[in-house]
1. Which of the following residues is modelled with pLDDT under 55, of a type in the set (S, T, N, Q) and within 27 Å of LEU285 (Cβ to Cβ): THR415, THR428, THR402, THR390?
2. Can you tell me which of ARG243, ARG270, ARG289 is closer than 16 Å to TYR210 by Cβ, basic (Lys, Arg) and either surrounded by 15 or more Cβ atoms within 10 Å (Cβ to Cβ) or out of contact with any helix residue (DSSP H, G or I) (no Cβ under 9 Å at 6 or more places or on another chain) (or both)?
3. Can you tell which of TYR230, TYR220 is without any contact (Cβ under 8 Å) to a residue 60 or more places away in the chain, surrounded by 12 or more Cβ atoms within 10 Å (Cβ to Cβ) and more than 30 Å from ASN342 (Cα to Cα)?
4. Tell me whether segment 318-336 contains one or more residues that are part of a helix (DSSP H, G or I), surrounded by fewer than 18 Cβ atoms within 10 Å (Cβ to Cβ) and of a type in the set (A, V, I, L, M, F, W, C).
5. Among residues belonging to segment 173-192 that are surrounded by fewer than 14 Cβ atoms within 10 Å (Cβ to Cβ) and not acidic (Asp, Glu), point out the one that is farthest from the chain's Cα centre (by Cα).
6. When you scan segment 20-37, do you find a residue that is touching a residue at least 40 places away in the same chain (Cβ under 8 Å), loosely packed, with under 15 Cβ neighbours inside 10 Å and of a type in the set (D, E, K, R), even just one?
7. Can you pull out the residues in segment 348-361 that are in contact with a Ser or Thr (Cβ under 9 Å, 6 or more places away or on another chain) and either surrounded by fewer than 17 Cβ atoms within 10 Å (Cβ to Cβ) or in contact (Cβ under 8 Å) with a residue 40 or more places away in the chain (or both)?
8. Looking at ALA118, ALA90, which one is more than 20 Å from ASN63 (Cα to Cα), in the same structural domain as ILE182 (by TED's automatic domain parsing) and either surrounded by fewer than 18 Cβ atoms within 10 Å (Cβ to Cβ) or in contact with a strand residue (DSSP E or B) (Cβ under 8 Å, 6 or more places away or on another chain) (or both)?
Amino acid sequence: MAVRKSKTAQRRERVSSSTQQRTIVLPLPLTREQYDPIRRSAEEYNRMWSSLISWCDSNKTVNRTRMQKENYRRLRDRHPTLPAQFACIAMRDAAGAMRSWNSNHPKRRWNMKASRKALTINYDMRVMSLRGNLLTLSVAHGEKRVRLLLPDLPEWFTARYPEGKPNAAKLLLGDKPEDTRIALIYRISDPQPLADGDVLGVDLGQHSLYMDSRGGEAPYARVQGAKRRYAHNRKTLQEKGTRSAHRRLKAMKQREERFIRDVNHQASKRLANTQGVQAIAFEDLTYIRRQASKRTKTGARRRNMLNQWSFSQLQEFTAYKAARNGIRILMVDPSYTSQRCNRCGYVDARNRNGARFDCRRCGWSDNADHNAAMNIRDRALSSLAEEEHTSTDRPVDRSQSTDHDGWSAHDDLPTPTGQGRVMGTTLTSKPRCSSSR
């Protein structure tokens, strides 16, 4: 029986079929005559946004239907100078901001401050138009529509997305008219999914960033060294306890996050640009941090590593980069992928010893992460075969479901067969992400 995938895994798999958008930020120096009406409209828009955040806090919901029904008339009466479409945009903006807050602050859900320092205003194509480089913006009633001349888009952007169409924009107003910037959001055409190619299984780890089923690897030694250094500095500053130490802690946290983000961007780019691949398979690790609970037998060092593991960010970055190349993302059940022999299918916790995998039944030896990556690939192939069988209502031909050494992956006992790829089996007798992984 197939294991039900988490909502996070389902969302990642849908990335390749969802509409893609790209944002580019351009400088937009304004004159005083252009800046003043936009600023007045932005201040009114921010007051509207703040009232919606307060409503979300008190009602503990971001349901757009309810928000529209209970707030639209109130917003129109309280902010009559703004065009009606800004009320709809502000509701969408506030709901998204509240969802992000709740996701990033699980211990302070529904406690977002109903104000923001940045003076911004969002636009969609109902209140703006873009013809060539001429941008026309709607502002508060009684003001003339503002016409602005945008700088040219960078050549790399137009070359990469020649069919991109403007979909929305966000004005970021500075303290001075010349400091204004605009974030243009373009809707790009959906790439044609690749029909031919292999499935690349990817095993994510904490000692090696990832290893794929082709043997590709991203070393993690540099990242581990940086994390140890940041942990030592963090401990030293926490012992000080001064206000300046807290400021340094905050700055150091942001620096570490930027470093990890850059590492994940580089790794995801390598995965998404792998040649001859139609799909990339990951483990669904959504619930693995349950092992980090103090109520489990997991040691403090292991808990700390799990809590600092940025596997989700790497999967997220790979998903949208792969979608741009027409590559699907598949999420599979992670149970026993590190204990199962890819050659004969035998599962035993003693098969793995650190970075080595030595099967106690057939004697197969391999790198443990590479063996796990091939198991992930095989489960993804089985999933694709089941999809094809369901869509065509024809029996699936598994006659070629063998690994590179000629052993069948569908029986516990190895049987010699012809050459081909492993389709694999899915073992679901234990919960996902159990400590037996």
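The values are calculated or read from the model by the stated rules, or taken from the named source; none is laboratory data. None of the values given here were measured: they were computed from a predicted structure. Here the Cβ positions follow ideal geometry from the backbone for every residue, glycine too, while neighbour counts run over all protein chains shown.
1. Details: THR415 fails: within 27 Å of LEU285 (Cβ to Cβ); THR402 fails: within 27 Å of LEU285 (Cβ to Cβ); THR390 fails: modelled with pLDDT under 55.
Step by step, each of THR415, THR428, THR402, THR390 is checked, and only THR428 is modelled with pLDDT under 55, of a type in the set (S, T, N, Q) and within 27 Å of LEU285 (Cβ to Cβ).
2. Working: ARG243 fails: closer than 16 Å to TYR210 by Cβ; ARG289 fails: closer than 16 Å to TYR210 by Cβ.
Result of the check over ARG243, ARG270, ARG289: ARG270.
3. Numbers: TYR220 fails: more than 30 Å from ASN342 (Cα to Cα).
Among TYR230, TYR220, only TYR230 is without any contact (Cβ under 8 Å) to a residue 60 or more places away in the chain, surrounded by 12 or more Cβ atoms within 10 Å (Cβ to Cβ) and more than 30 Å from ASN342 (Cα to Cα).
4. Checked segment 318-336: no residue is part of a helix (DSSP H, G or I), surrounded by fewer than 18 Cβ atoms within 10 Å (Cβ to Cβ) and of a type in the set (A, V, I, L, M, F, W, C).
5. Ranking the qualifying residues of segment 173-192, first place goes to LYS176.
6. Yes, segment 20-37 contains a residue that is touching a residue at least 40 places away in the same chain (Cβ under 8 Å), loosely packed, with under 15 Cβ neighbours inside 10 Å and of a type in the set (D, E, K, R).
7. Residues of segment 348-361 in contact with a Ser or Thr (Cβ under 9 Å, 6 or more places away or on another chain): 349, 351-352, 355-359.
If the condition is that a residue be in contact with a Ser or Thr (Cβ under 9 Å, 6 or more places away or on another chain) and either surrounded by fewer than 17 Cβ atoms within 10 Å (Cβ to Cβ) or in contact (Cβ under 8 Å) with a residue 40 or more places away in the chain (or both), then ALA349, ALA355, ARG356, ASP358 are the ones that fit.
8. Details: ALA90 fails: more than 20 Å from ASN63 (Cα to Cα).
Among ALA118, ALA90, only ALA118 is more than 20 Å from ASN63 (Cα to Cα), in the same structural domain as ILE182 (by TED's automatic domain parsing) and either surrounded by fewer than 18 Cβ atoms within 10 Å (Cβ to Cβ) or in contact with a strand residue (DSSP E or B) (Cβ under 8 Å, 6 or more places away or on another chain) (or both).
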